[in-house]
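The values are calculated or read from the model by the stated rules, or taken from the named source; none is laboratory data. All of these numbers come straight from a predicted model, not from anything done at the bench. For neighbour counting, all protein chains shown are included, and Cβ atoms are generated from backbone atoms with ideal geometry for every residue, glycine included. Areas reflect the complete protein model, heavy atoms only, side chains present, ligands, DNA and RNA absent. Shrake-Rupley method; radii C 1.70, N 1.55, O 1.52, S 1.80 Å.
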Amino acid sequence: MEVFKGIPVSSGVVIGSIFTLDDERRRIPRRTVRAAHVEREHARLRKALADSIAELEATRERAEESLGVEPAKVFAFHLGMLRDPTVIQPIHDMIESERVTAEYAVSTEFRRLASMLSGMDDAFKTKVDDVWDLDRRVLRQLIGEHMSALREMHEKAIVVAPDLTPTQTASFDRNKVIGFATDAGGRTSHTAIMARAIGIPAVVGLGDLSGSAQDGAAVIVDGDRGIVIVNPDAETLEQHRTYNERMRVFRASLSEDVDRPAETSDGVRISLLGNIEFPEEAASVVRYGGDGVGLFRTEFVYLTQEKEPSEEQQFEAYGRAIENLGGKPMTVRTFDLGSDKQTQERAEAPERNPALGCRSIRYCLQNIPMFKRQLRAILRASALGPLRVMFPLVTDALELRQAKMLLTDVKEDLEEDGVAFDRNLPVGIMVETPAAAVMASTFARDVDFFSIGTNDLVQFTLAVDRTNERVASLFSAAHPAINRLIKDVVRTARKHKIEVSVCGEAAGEPEFTMLLIGLGLRSLSVTPSSIPAIKRIVRSVDVPQCERLARRVGSFDSERQVTAFLREQAREIIPEAFDGRSVD
Ligand code: PEP
Ligand code: MG
């Protein structure tokens, strides 16, 4: 039995067998296979080489037709390499002698070849890029073939990978993949958010789990405590089964409040909304007893297909969500693309600092036809039910005015075309950068509402990458700086009589509920499955009690003090939510 400690990102405990998943763009971990599976790895390599050769032959023919014989010669070199026994035999030898996966043997041998060529004359050095190109091509075949094995698998799988993108996670077949565990990642990364959206337990930031994982080995993923246990013994399995049963009883008890309002014991109504990525999730917001959708991350409609969805596809997606909500309101956020949410077109050319790069509203303002198509779809959907629109990552007043101007343009076009829409569609911004928080009074004059995004607000205020496991312990919405910013934004919103809510992950964590109410928030938007637990807290407290707690938190000067205090308070109200979670 081997125990790995990581970061819990999606709750629940699952027991299943490991399915490893590599990524040709990352370093392939050294992974061994059982003696009985060595022949299978040789066969996989032979097939991947044959498929790569067939692919290259076809590309060469196409290049010859369109570009002529000379430029197409580059493919002759690639083909020659893949047919050269002095290149290929060492890969087979490595599989045989070290009993490693075909992926690892390919990546190691090609790396050795590339480093050998880079130490030679200039004529050879130019071939280094060709070797990397080939390495990626063969690995893509191997990984693609392995993924199809997942589709054909009969047992339930737990995916173990160095890292996963939000798009990969979104594309998992939920009938096959029951959980995942990765070496990298952070609690508010979009991969983690996606795991919570599809409701599969997950742990990230596990160091080198993927290097020592073997396909088919038994594993427990404990998404509540952040633990992964490989080859668990009978006693450990039993403990986890008992824990699961306890949690099932707890969830059943929470579901008693589904039809009751999220109202404090002194009668103050809190609007409890859901964050969604796909239209179907709107139905689960209603099922969990939510009041509507506070954040529709529309970029996921884009990320799960190869190119930009058409206006019609978008209109259809927003319309479906509205229909699923049966009259409850929905806030649609315009495409928040970039950072860790790369479209397939842009994934090949990564930016140096993507979190600080051409993303979100900046990207939309640089791609106006795309942006207008989305605004048109949103406006058209506003005729179908109560809708609001908001812009992500706004940092500058001019940016907001440009976005609003485009919205006005689109409204005029629709008017001319005689298409129905809500002329008073409320417009808001995400307050998720220190710039927006500090300048809240400027923005408040131009918008109908604020939605505080604590995920990015923490990332930028504390200078902590939300996807980096190495600094995960520094990523905390309990930091006094965040507390102060939220307090100021709420105060400004009240002064300007505009609505304010919180839609970052902190809003869905039980320890923050009392603090946020105490800071004056009356609207929270959370992962749909968190709604019942947050509602339980709301219904168990009164506003003066929350205000006292917020004042006390305001007197602390360290994140650690705030976290310990908030957990202790929340644990008294809803101990089961902390069952098994360590205090620190
Ligand atoms: C946030 O930044 O807090 C937020 C809600 O948006 P996202 O997680 O999609 O960046
Ligand atoms: Mg954000």
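Compute the helix-to-body angle for 559-573: its Cα long axis versus the longest principal axis of the chain, expressed 0 to 90° and rounded to tens.
70 degrees
Determine, for each peptide in 261-271, 56-66, the mean count of other beta carbons within 10 angstrom over its residues, then list the peptides with the highest first.
So the order, starting with the most tightly packed, is 261-271, 56-66.
What distance in nm separates the simple spin-label points at Arg491 and Asp93, each placed 7 Å from Cα in the Cβ direction?
7.2 nm
Hey, got a sec? Which trypsin sites (Lys or Arg not before Pro) in the stretch 530-584 land in a DSSP loop and have at most 16 other Cβ atoms within 10 Å?
Taking the stretch 530-584 and a limit of 16 other Cβ atoms within 10 Å, the loop trypsin sites (Lys or Arg not before Pro) found are Arg581.
Run through all the Cα pairs of the stretch 2-230 and give the fraction in each 10 Å bin from 0, expressed as whole percent.
8, 30, 29, 21, 10, 2, 0
Using only the alpha carbon atoms of the chain, find the Kirkwood hydrodynamic radius as the inverse mean reciprocal pair distance, in angstroms to one decimal.
Result for the chain, one decimal place: 25.9 Å.
Please list 250-259, 395-404 highest first by mean number of surrounding beta-carbon atoms within 10 Å per residue.
In descending order of packing, they fall as 395-404, 250-259.
Quick check: the angle from helix 128-152's long axis to the longest principal axis of the chain, C-alpha only, nearest 10 degrees?
That helix lies at roughly 70 degrees to the long axis.
What number, rounded to the nearest 500 deg cm²/dmol, is the helix-based mean residue ellipticity at 222 nm of the chain, given -39500 (n - 2.57) per DSSP H run of at least four residues and division by all its residues?
-15500 deg cm²/dmol
Of Val74, Gly205, Gln402, which is farthest towards the positive pole of the chain's charge dipole, taken about the Cα centre with +1 and -1 on the beta-carbons of Lys, Arg and Asp, Glu respectively?
So the residue we want is Gln402.
Of the peptides 417-426, 295-304, 494-503, how do they stack up when ordered by the mean number of other Cβ atoms within 10 Å, highest first?
By packing density, highest mean first, the sequence is 295-304, 494-503, 417-426.
So, R0 is 25 Å and r is the distance between the beta-carbons of Glu348 and Ala435; what FRET efficiency does that work out to, to 0.05?
My answer for the efficiency is 0.25.
Based on the Cβ-Cβ distance from Ser118 to Asp266, what FRET efficiency comes out when R0 is 56 Å, to the nearest 0.05?
Between Ser118 and Asp266 the formula returns 0.20.
Two decimals is fine: what's Rg over Rh for the stretch 346-454, C-alpha atoms, Kirkwood radius as Rh?
0.99
With axes computed from alpha carbons, what is the tilt in degrees of helix 85-98 against the longest principal axis of the chain, rounded to the nearest 10 within 0 to 90?
60 degrees
What percent antiparallel are the DSSP beta bridges of the chain, to the nearest 5?
The answer is about 35 percent antiparallel.
Tally up the carbon and sulfur contribution to the accessible surface of the chain as a whole percent, 1.4 Å probe, everything protein left in place.
Reported share for carbon and sulfur atoms: 50 percent.
If you plug each phi of the stretch 493-508 into the Karplus form 6.51 cos²θ - 1.76 cosθ + 1.60 with θ = phi - 60°, what whole-Hz ³J(HN,Hα) values come out, in order, with x for Gly and Pro?
3J(HN,Hα) across the stretch 493-508, in whole Hz: 4, 5, 4, 8, 6, 10, 6, 9, 9, 10, 10, x, 4, 4, 4, x.
Between the stretch 282-357 and the stretch 132-146, what is the separation of their alpha carbon centroids in Å?
Measuring centre to centre over Cα atoms gives 30 Å.
Can you give the translational diffusion coefficient of the stretch 268-419 in µm²/s, computed by Stokes-Einstein from the Kirkwood radius over Cα pairs at 10 °C and 1.306 mPa s?
99 µm²/s
Given the Cα-Cα distance of Ser540 and Gln239 and 0.36 nm per residue of separation, how much length would full extension add, in nm?
The Ser540-Gln239 span can extend by a further 105.3 nm.
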